[in-house]
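Report on the following structure.
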Number of protein chains: 2
Amino acid sequence: MTITTSACPSGDERVVLFGLLLETNARLSRSLGVELEAACDLPLAWFEVLLQLRKVPEGRLKMNQIADAIVHSSGGTTRLIDRIEEAGYVTREHCPSDRRAIYVAISANGNQKLDEALNVHLDYLEDNLAKRLDDQERRTLTTLLKKLNSSAKPS
Amino acid sequence: MTITTSACPSGDERVVLFGLLLETNARLSRSLGVELEAACDLPLAWFEVLLQLRKVPEGRLKMNQIADAIVHSSGGTTRLIDRIEEAGYVTREHCPSDRRAIYVAISANGNQKLDEALNVHLDYLEDNLAKRLDDQERRTLTTLLKKLNSSAKPS
DNA sequence: GACAAGTAGTTGTATATGCAACTATAATGA
DNA sequence: TCATTATAGTTGCATATACAACTACTTGTC
């Protein structure tokens, strides 16, 4: 019995695209993670959480909102927030209107750390995004990723 | 001391783009992983390895080539290949010209499993890529990701 | 109001992965 | 040739995460 490799659609244009997406993401997030860790002693996942918290004017989100935003499981998010809280970058606050829910709020230390990390991040992006893609290309990429992303949300 | 949130570059166009890349990837790979696992009982990481092996005509790669292709650490790759080998989808072969090196070769079962998985993957891509982006957009995205990716390789 | 069903978050447990130390082999060069 | 340095892969250990079961609370229905 020969291994025919059959119709072998591994060269399919969509398969290639998807593989590229995985690879690009893996390389970029790994190298950013290394830099953040080295320069700020801040894991990438923590950075993502702090960034999400800064995005909203109140500076706080519920556990499940964070879990959704960073695409983690509920249990994983609990543990992640445990660690970030222990480091003093966020605090848990009770939600008055729903006693099941918990707000996670960024602290002063968290904001300071995030500023630090954003400097590293911006340098990184300058080297790895801006150097490779011009304004127009970045805008196009943003648009395309948004299209791709919105679809996958409700699953 | 007020929490000024400082210059707050979290809305920076590049930061947004990077966040989008992380999020898109996380959502897509998670949902593909769930489908592959459900339909073929094949973890996404295994699928990635098998796909890399099929990409090359010989159907085999050295450990470090695999590690690089799928962006894993060397130790992580050893363990990953251990599991895939135990499942019978790949085999380890000695390299005659370098006795330190090990070839990992896809087996007949591995090829069969990969065909199965590719069917799922192609359906998935049809739903999640092709439905959202037309041919032109996919080509553009591919080009942009390639540019982005080539840069990050040597690190 | 009370019971059923749904939702928010946590915890036990299993697993996957990275890092650093290690072994074995190869390449370099004095 | 032998010693040094570099490389390929594996292993011990620590950690991060997912899944499923659980508790506590809320919402909907009668």
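How large is log10 of I(q)/I(0) for the range A:53-101 at q = 0.16, 0.19 Å⁻¹ when the intensity is taken from the Debye formula with one equal scatterer per alpha-carbon?
Here log10 of I(q) over I(0) equals -0.45, -0.65.
Where in the range B:22-42 is the amide nitrogen less than 16 Å from a point lying 7 Å along the Cα-to-Cβ axis of A:Lys146?
Correct set: B:22-24.
Kindly give the distances from A:Arg139 to its copy-mates, label point to label point, with each label point 7 Å from Cα along Cα→Cβ, as nm values to one decimal ordered shortest first.
2.2
Cα-based Rg (one decimal) and Dmax (whole number) for the protein assembly as shown, in Å?
21.1, 75
Of all the residues in chain A, which one has the C-beta that comes nearest the axis relating A to B, and what is the distance in Å?
A:Asn25, 2
Quick one: give the max-minus-min coordinate of the C-alpha atoms of the range B:22-135 along each principal axis, largest first, in Å.
Taking the Cα atoms of the range B:22-135, the three principal extents are 48, 29, 26 Å.
Expressed as a rounded percentage, what relative contact order does the range B:90-155 have, with Cα pairs under 8 Å and six or more residues apart?
This gives 18 percent for the range B:90-155.
For chain A, what is the mean residue ellipticity at 222 nm derived from helices alone (per DSSP H run of n ≥ 4: -39500 (n - 2.57); sum divided by total residues; nearest 500 deg cm²/dmol)?
Using -39500 (n - 2.57) per qualifying helix, the result is -21000 deg cm²/dmol.
Zone of A:Ser97 (label point 7 Å along Cα→Cβ, backbone N under 17 Å): which residues in the range A:62-86?
A:62-66
Note down, for the range A:85-145, the three equivalent ellipsoid semi-axes (square root of 5 times each alpha carbon gyration tensor eigenvalue), biggest first, whole angstrom.
Whole-Å semi-axes of the equivalent ellipsoid: 35, 18, 7.
I need to check one value: relative contact order of the range A:29-132, counting alpha carbon pairs closer than 8 Å and at least 6 residues apart, in percent.
It rounds to 29 percent for the range A:29-132.
Please report how far the C-alpha centroid of the range B:31-67 lies from that of the range B:80-106, rounded to the nearest whole angstrom.
14 Å
Taking only complete DSSP H runs, can you tell me which helices of chain B stretch 24 Å or more along their own long axis by Cα positions and average at least -0.5 on the Kyte-Doolittle scale? Before the final figure, lay out each step's value.
Working: long enough: B:13-40 (39 Å, 0.56); B:108-125 (25 Å, -0.57); B:135-152 (26 Å, -0.97).
Flagged H segments are B:13-40.
Roughly how big is the protein assembly as shown's charge dipole about its Cα centre, with Cβ charges of +1 (Lys, Arg) and -1 (Asp, Glu), in debye to the nearest 20?
About 40 debye.
7 Å from Cα along Cα→Cβ at both B:Asn119 and B:Asp12: what's the point-to-point distance in nm?
Going by the 7 Å Cα→Cβ label model, 4.8 nm.
Evaluate the charge dipole of the range A:29-132 about its Cα centre and quote only its size in Debye, nearest 20, assuming +1 on the Cβ of each Lys and Arg and -1 on the Cβ of each Asp and Glu.
400 debye
Just so you know, all these numbers are worked out from the coordinates, no wet-lab data involved. Predicted, not measured: the structure shown is a model, and the values here were computed from it. Here Cβ is always computed from backbone atoms with ideal geometry, including for glycine, and neighbour counts include all displayed protein chains.
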